[in-house]
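Below is one structure; the comments refer to it alone.
The values are calculated or read from the model by the stated rules, or taken from the named source; none is laboratory data. What you see is a predicted model; the values in this text were computed from it and never measured. Reconstructed Cβ throughout: ideal geometry from the backbone, glycine too, with neighbour counts over all protein chains shown.
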Amino acid sequence: MKFVTLDIQGFTIADEFVAKELGIYTGTKTAHFIFKPPQEHGYVNYEEINSILTKYLTDVNIVYVKGCQKYNFIVGRFNEIGGGGGGTFPLVLNVELSDCNPPVPNLERKIPICMSHTGRGSQKCSLSNCIDLYDWLIKFIPH
């Protein structure tokens with residue numbers, strides 16, 4: 001069974017969550033995207049998010065996320081893409097709703113993981129968060 005961990009950082013604007021950064025980790029490969037709006041900093045057009053999710057997640061069985069907002073965002077995107085005939089998507093699971101012991105830790109790496117977050121102090125990076133989540137999760141999943 002193929003699974004990935006995914007993290008999103010973003011903003012809530014007019015009651016809508018807008019992704020600013022997306023990280024995906026398979027255990028061996030990473031994908032990291034910083035979207036342009038609502039700030040100028042970024043290198044991927046926000047309109048490309050659905051095609052990115054399709055490209056990186058259609059051959060995956062399960063996507064693990066941490067948090068209801070991230071879960072709702074990804075499931076909403078899958079529904080939007082699927083409604084347009086975009087294919088089959090994986091099951092999305094929010095690890096905060098699991099019965100794991102110990103509970104899911106705070107996802108805070110002490111070193112920069114990506115080139116976009118070097119020298120920026122305490123900013124959280126979606127790429128480091130999904131790697132931390134994977135490292136925690138792999139302890140509970142037989143492989």
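Numerical summary
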| read-out | value |
| --- | --- |
| Candidates Y64, Y56, Y71 - the one that is hydroxyl-bearing (S, T, Y), in contact with a helix residue (DSSP H, G or I) (Cβ under 7 Å, 6 or more places away or on another chain) and either in a loop (DSSP other than H, G, I, E, B) or modelled with pLDDT of 90 or more (or both) | Y64 |
| Identity of the residue in the range 1-48, within 19 Å of I138 (Cα to Cα) and outside any strand (DSSP E or B), that ends up farthest from the chain's Cα centre (by Cα) | M1 |
| Condition check for V63: within 18 Å of Q9 (Cβ to Cβ), among the aliphatic types (A, V, I, L, M) and within 13 Å of the chain's Cα centre (by Cα) | yes |
| Verdict on S122 being of a type in the set (G, A, S), at pLDDT below 70 and not in a helix (DSSP H, G or I) | yes |
| Residue satisfying all of: in the range 78-95; surrounded by 16 or more Cβ atoms within 10 Å (Cβ to Cβ) and over 12 Å from the mean Cα position of the chain (by Cα); nearest to F11 (Cα to Cα) among these | F78 |
| Residue under evaluation F11, criteria (1) crowded, with 21+ Cβ neighbours inside 10 Å; (2) of a type in the set (F, W, Y); (3) in contact (Cβ under 8 Å) with a residue 24 or more places away in the chain, criterion not met | (1) |
| Close pairs (9 angstrom Cβ cut-off, 6 or more residues apart or separate chains): of a type in the set (S, T, Y) in the range 38-59, in a loop (DSSP other than H, G, I, E, B) and surrounded by fewer than 14 Cβ atoms within 10 Å (Cβ to Cβ) anywhere | Y46/P38; T54/G87; T58/G87; T58/T88 |
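A quick yes/no check of all residues on (1) closer than 22 Å to D132 by Cα; (2) of a type in the set (A, V, I, L, M):
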position: M1; (1), (2): yes, yes
position: F11; (1), (2): yes, no
position: D15; (1), (2): no, no
position: G23; (1), (2): yes, no
position: G27; (1), (2): yes, no
position: E40; (1), (2): no, no
position: E47; (1), (2): no, no
position: S51; (1), (2): no, no
position: Y56; (1), (2): yes, no
